[in-house]
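The values are calculated or read from the model by the stated rules, or taken from the named source; none is laboratory data. Keep in mind the model is a prediction, meaning the values are calculated, not measured. Positions of Cβ are backbone-derived with ideal geometry, glycine not excepted, and every protein chain shown enters the neighbour counts. Note: accessible area is taken over every heavy atom of the protein model, side chains too, but ligands, DNA and RNA are not part of it. Shrake-Rupley method; radii C 1.70, N 1.55, O 1.52, S 1.80 Å.
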Amino acid sequence: MEITVIGAGYVGLVAGCCLAGSGNRVTCADVDEEKVRLLNSGDVPIYESGIERLISEGLAAGRLRFTTDAAEGVRTADVIFVAVGTPPGEDGRADLDFVLDAARTIGDHLRPGAVVVMKSTVPVGTTELVRAEIARRTDLPFHMCSNPEFLKEGDAVADFLYPDRVVCGVDSDRARRCMEELYEPFIRSGNPLIFMDIASAELTKYAANAMLAARISMMNQFADLCEQTGADIERVRRGVGSDPRIGSAFLYAGTGYGGSCLPKDVRAIIRSAEAQGVDLGILRSVAEANDRQTTVLVRKILKRFGDDLTGLRFALWGLAFKPRTDDMREAPSRAIAEALRGRGASVVAHDPAAMEQSREFYLGDAVDYAENEYEALDGADALVVVTEWLQYRRPDWSQLARRMARPIVFDGRNVFEPDRMASRGFEHYPVGRRQIGPAETA
Ligand SMILES: NC(=O)c1ccc[n+]([C@@H]2O[C@H](COP(=O)([O-])OP(=O)(O)OC[C@H]3O[C@@H](n4cnc5c(N)ncnc54)[C@H](O)[C@@H]3O)[C@@H](O)[C@H]2O)c1
């Protein structure tokens, strides 16, 4: 099939190169000229395992190309995916400007019978808005589909190639057959392609993210309770997660959820429900709990060092909102680094993938960047673990002891065991577990 994907970000790029990998001819269009230039020269603007190979194979086979001219791609496409960003607007609702821009380009150039697929995460009713926007600009027949994306950054390619399920909201046979044909290569092991109406597909995406966010916030509140009562959130997690009705994913207490999806999607569904007169009170609490949680480490740090951090130096391990991605959108590291700097401390950060993003778009030179995780420790009064990259989990403790000014670790992802930290002589402040204060290491 001839496919055009509008928006070559985390979602569009992954979808585009996987669909090219299964034999389709794919044009990925993006308004970002620098991104398109990089992609055409074989460079990959995002950090995502497996994507480089798919892109270079697609380019070499002539099945994948990148352009800034979406119109050119739309003119020849049987299927057009809209995968542009839907960032939070001022009131928290999804900002649909990029989506509607894409709709106008489609309306001006589409070929008869094309299927337009909404992949961006959009509130219920948006696919119909897009349909109306296109129909204002053309009399040609076309079909709409809502096909929300469930990939996880860090595992995005694998998630697309081997999805748990694919959700498609359709209202025509043509759209249904087209999605069956496109996804058939990826669901050969029997994972379901679930068809439904368009509104239900749109809401499924928000409901899924809302449930994941709720699990995290609930565990974070239980972690608070653990610290007050002497219970251990890691034991509680294992005990709870082994119940098959509950399952073990998304039960980790820590510094709160971040990234480009959960925070914005929770806020967006709350706002769009309000507009329908529906109060999603549970989700308002989930969001509030998460806002509070992003400062849990700062509160622990202030409790340990006092409110004035002037002259203190903190090593930050991890900038990305989670491991195996360079994405720092709504990453807890940003609030933590800014709070420490705001109280007079200096911060030296390390992240295996996100330092360039941080330097360019987020923390700039408000923090120093270390070549490797050990260099970040030199002279540090404390280590703050913000992202649970694998390489941070079993560090060389002798280097920590030698390089740090004081053996103090704030463990925002519970990567270290309290008992072992005590025997290594480290103060250790995890989330929802036994705190090893100065008295216990003396
Ligand atoms: N990132 C994720 O993990 C993830 C997962 C599931 C769903 N989603 C959803 O998918 C959508 C895209 O997310 P993303 O993370 O890929 O965003 P992104 O910001 O990484 O990429 C969006 C791209 O769209 C481009 N763009 C904007 N307007 C355009 C236009 N008119 N024509 C062509 N290109 C245009 C931007 O330049 C950018 O490169 C969002 O709605 C998001 O909520 C994201």
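Tell me, Kirkwood radius of region 294-441 from alpha-carbon pair distances, in Å?
Across region 294-441, the inverse of the average 1/r is 15.0 Å.
Using the Cα centre as the reference, give the magnitude of the dipole from point charges on the C-beta atoms of region 2-196 (Lys, Arg: +1; Asp, Glu: -1; all else neutral), rounded to the nearest 20 debye.
That gives a dipole near 600 debye.
Per 0.36 nm of contour for each residue apart, how much would the distance between residue 228 and residue 164 grow if the chain were fully extended, relative to their Cα-Cα spacing?
Values: separation 64, 0.36 × 64 = 23.04 nm, distance 3.83 nm.
Contour length minus the Cα-Cα distance gives 19.2 nm.
Taking the 0 to 90 degree range and rounding to the nearest ten, how far is the long axis of helix 126-135 tilted relative to the main principal axis of the chain, both from C-alpha atoms?
Rounded to the nearest ten degrees, it is 30.
Return one whole number: the accessible area per residue of region 294-441 in Å², for a 1.4 Å probe.
Computed with neighbouring chains in place, this is 41 Å² per residue.
Over region 2-196, what number does the Rg to Rh ratio reach, with both radii from the alpha-carbon atoms and Rh per Kirkwood? Provide the component values of the computation, followed by the final result.
Details: Rg = 15.5 Å, Rh = 16.6 Å.
Ratio of gyration radius to Kirkwood radius for region 2-196: 0.93.
So how much accessible area does residue 330 have, in Å² to the nearest 10, using a 1.4 Å probe?
About 70 Å², rounded to the nearest 10.
Relative to the compact-globule scaling 2.2 N^0.38 Å, provide the ratio for the alpha-carbon radius of gyration of the chain.
Details: Rg = 23.5 Å, N = 442, 2.2 N^0.38 = 22.3 Å.
After normalising by residue count via 2.2 N^0.38 Å, the value is 1.06.
Nearest 10 degrees, 0 to 90: what angle lies between the long axis of helix 10-21 and the longest principal axis of the chain (Cα atoms)?
50
With r as the distance between the Cβ atoms of residue 60 and residue 129 and R0 = 45 Å, compute the FRET efficiency 1/(1 + (r/R0)^6) and round to 0.05.
The computed FRET efficiency comes out at 0.70.
Which value, in Å² and to the nearest 10, is the accessible area of residue 143 when all protein chains are kept and the probe is 1.4 Å?
Residue 143 has an accessible surface of roughly 50 Å² with all protein chains in place.
If R₀ is 41 angstrom, what is the calculated FRET efficiency for the pair residue 250 and residue 439, using the beta carbon separation as r and rounding to 0.05?
E between residue 250 and residue 439, to the nearest 0.05, is 0.70.
Using a Gaussian network model on the chain with a 10 Å cutoff between Cα atoms, which of 64, 316, 182 fluctuates the most?
Of the options given, 182 has the highest mean-square fluctuation.
Ignoring ligands, DNA and RNA, what percent of the 1.4 Å accessible area of the chain is carbon and sulfur? Don't skip to the end; give the middle numbers.
Numbers: 9390 of 19280 Å².
On the chain, the fraction of accessible area on carbon and sulfur atoms equals 49 percent.
Enumerate the residues in region 90-128 having an amide nitrogen under 15 Å from the point lying 7 Å beyond the Cα of residue 136 toward its Cβ.
In region 90-128, the label zone of residue 136 (backbone N under 15 Å from the point 7 Å along Cα→Cβ) covers 96-109, 126-128.
Please compute the modelled spin-label separation between residue 1 and residue 299, points set 7 Å along Cα→Cβ, answer in nm with one decimal.
Each label point lies 7 Å from its Cα, and together they span 4.9 nm.
On a full-extension model of 0.36 nm per residue, what is the gain between residue 310 and residue 405, subtracting their alpha-carbon distance, rounded to one decimal in nm?
Full-extension gain reported as 32.7 nm.
How much accessible area does residue 400 have with a 1.4 Å probe, in Å² rounded to the nearest 10?
Spelled out: residue 400, probe radius 1.4 Å, area about 0 Å².
Using 0.36 nm per residue of separation minus the Cα-Cα distance, give me the extension gain between residue 398 and residue 360 in nm, one decimal.
Numbers: separation 38, 0.36 × 38 = 13.68 nm, distance 3.33 nm.
Taking 0.36 nm per residue and subtracting the Cα distance, the gain is 10.4 nm.
If I build a Gaussian network model for the chain, linking alpha-carbon pairs within less than 10 angstrom, which residue out of 166, 415, 240 has the largest mean-square fluctuation?
Its mean-square fluctuation being the largest, the pick is 240.
Could you sort 78, 378, 164, 411 by accessible area so the largest value comes first, with the probe set to 1.4 Å?
164, 378, 78, 411
Have a look at 408, 270, 246 and tell me which one the Gaussian network model of the chain (Cα, springs below 10 Å) gives the largest fluctuation.
Among 408, 270, 246, the largest mean-square fluctuation in the Gaussian network model of the chain belongs to 246.
In nm², what is the average projected area of the convex hull enclosing the Cα atoms of region 136-221?
For region 136-221, the mean projected area of the Cα convex hull comes to 7.9 nm².
Ignoring everything except DSSP H segments at least 4 long, calculate the 222 nm mean residue ellipticity for the chain; use -39,500 (n - 2.57) per segment, divide by total residues, nearest 500. Show your work: numbers first, answer last.
Numbers: 18 runs with 192 residues, N = 442.
Rounded to the nearest 500, it is -13000 deg cm²/dmol.
Using a 7 Å offset from the Cα along the Cα-to-Cβ direction at both residue 180 and residue 288, what is the distance between the two label points in nm, to one decimal?
Taking the simple label geometry, residue 180 and residue 288 are separated by 4.9 nm.
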